[in-house]
1. State yes or no: is Lys67 farther than 23 Å from Arg155 by Cα, at pLDDT 80 or above and not small (Gly, Ala, Ser)?
2. Provide a single number: the residues in segment 15-33 that are touching a strand residue (DSSP E or B) at 6+ places or on another chain (Cβ under 8 Å) and either modelled with pLDDT of 95 or more or loosely packed, with under 13 Cβ neighbours inside 10 Å (or both).
3. Can you confirm whether Leu77 is at pLDDT below 90, among the aliphatic types (A, V, I, L, M) and exposed (fewer than 12 other Cβ atoms within 10 Å of the Cβ)?
4. Condition first: modelled with pLDDT under 90, part of a strand (DSSP E or B) and of a type outside the set (Asp, Glu). Now tell me which residues in segment 103-119 satisfy that.
5. Output the number of the condition that Ser165 fails; it satisfies all remaining conditions of (1) hydroxyl-bearing (Ser, Thr, Tyr); (2) in contact with a Leu (Cβ under 8 Å, 6 or more places away or on another chain); (3) under 30 Å from Lys19 (Cα atoms).
6. Which is within 13 Å of Tyr30 (Cα to Cα) and at pLDDT below 90, of Thr124, Thr163, Thr130?
7. What number of residues in segment 88-100 are over 19 Å from Ala176 (Cα atoms) and at pLDDT 85 or above?
8. List the residue pairs whose Cβ atoms are under 8 Å apart, where the first residue sits in segment 150-172 and is part of a strand (DSSP E or B), the second is among the basic types (Lys, Arg) and open to solvent by 70 Å² or more (accessible area, probe 1.4 Å), and the two are 6 or more positions apart or on different chains.
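The values are calculated or read from the model by the stated rules, or taken from the named source; none is laboratory data. For clarity, every value in this text was computed on a predicted model and none was experimentally measured. Neighbour counts are summed over all protein chains in view; Cβ atoms, including those assigned to glycine, are modelled from backbone coordinates with ideal geometry. Just so you know, the surface numbers come from the protein's heavy atoms only, side chains and all, with ligands and any DNA or RNA stripped out. Shrake-Rupley method; radii C 1.70, N 1.55, O 1.52, S 1.80 Å.
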Amino acid sequence: MFIGSFMDQCLEDTRRLSKKAFCKKHTLNYLLGVISEDAQNGELDLNTGVIWIDDHSNEAAHLPSPKRAAAKPGKFLIKIEKKPGNVWQNWYSVGRAKNNDIVVRDPSISKLHARLDNQGPIGTQLNSNTGFWITDVGSSEGTMVNGTPLGESERYPLQIGDTISFGTVETRLLDADMLYDVLSAQ
């Protein structure tokens, strides 16, 4: 089951658009993830696709809202894009805090968990497949790429199709071409 209005929009686009038109409309990279059975008490923000999984805190973000729906087990989709006003302009922040570019509210994800950037290490070429590198920024539950744990501050080049685990939340890095194929198969 797929959840969220952005996901619904993408599914509808796969039904009515050719792959070429879909890729022209959806030009970003995406993280496709799964909400587990443990997340049934959480919420999904229908406008942003942000996953809010109950971590038993008293933060106001967990209060019910008309723009949120119960997070039921299923797949979620998040655009990799900068939030306006984010203080880290050179990279995409990933974590459970609301000020991150990519927010997944899960107790296994640190407030600032990892970062994605498009600047390779000095003396190396930029990753030509996605342009992204991932760095774990000292998260408590770790970051893995294709099952391989990253050390703290270790930078790792990403490829489209890679599986990225932030704590216990598993996602897959997709471009528009692969997203179309995944959604069309549903």
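1. Numbers: farther than 23 Å from Arg155 by Cα: yes; at pLDDT 80 or above: no; not small (Gly, Ala, Ser): yes.
Judged against the criteria, Lys67 is not a match.
2. Residues of segment 15-33 that are touching a strand residue (DSSP E or B) at 6+ places or on another chain (Cβ under 8 Å), as a first pass: 28-33.
Now drop any that are not either modelled with pLDDT of 95 or more or loosely packed, with under 13 Cβ neighbours inside 10 Å (or both), which leaves 28.
Residues flagged as touching a strand residue (DSSP E or B) at 6+ places or on another chain (Cβ under 8 Å) and either modelled with pLDDT of 95 or more or loosely packed, with under 13 Cβ neighbours inside 10 Å (or both) within segment 15-33 amount to 1.
3. Details: at pLDDT below 90: yes; among the aliphatic types (A, V, I, L, M): yes; exposed (fewer than 12 other Cβ atoms within 10 Å of the Cβ): no.
So Leu77 does not fit the description; no.
4. Val103, Val104, Arg105
5. Against the list (1) hydroxyl-bearing (Ser, Thr, Tyr); (2) in contact with a Leu (Cβ under 8 Å, 6 or more places away or on another chain); (3) under 30 Å from Lys19 (Cα atoms), Ser165 comes up short only on (2).
6. Details: Thr124 fails: within 13 Å of Tyr30 (Cα to Cα); Thr163 fails: at pLDDT below 90.
Every option except Thr130 fails the conditions.
7. So the first thing to find is which residues in segment 88-100 are over 19 Å from Ala176 (Cα atoms), and the list is 88-91, 93-100.
Subsequent filtering for residues that are at pLDDT 85 or above retains 91, 93-100.
Number satisfying all stated conditions: 9.
8. Thr163/Arg172; Ile164/Arg172
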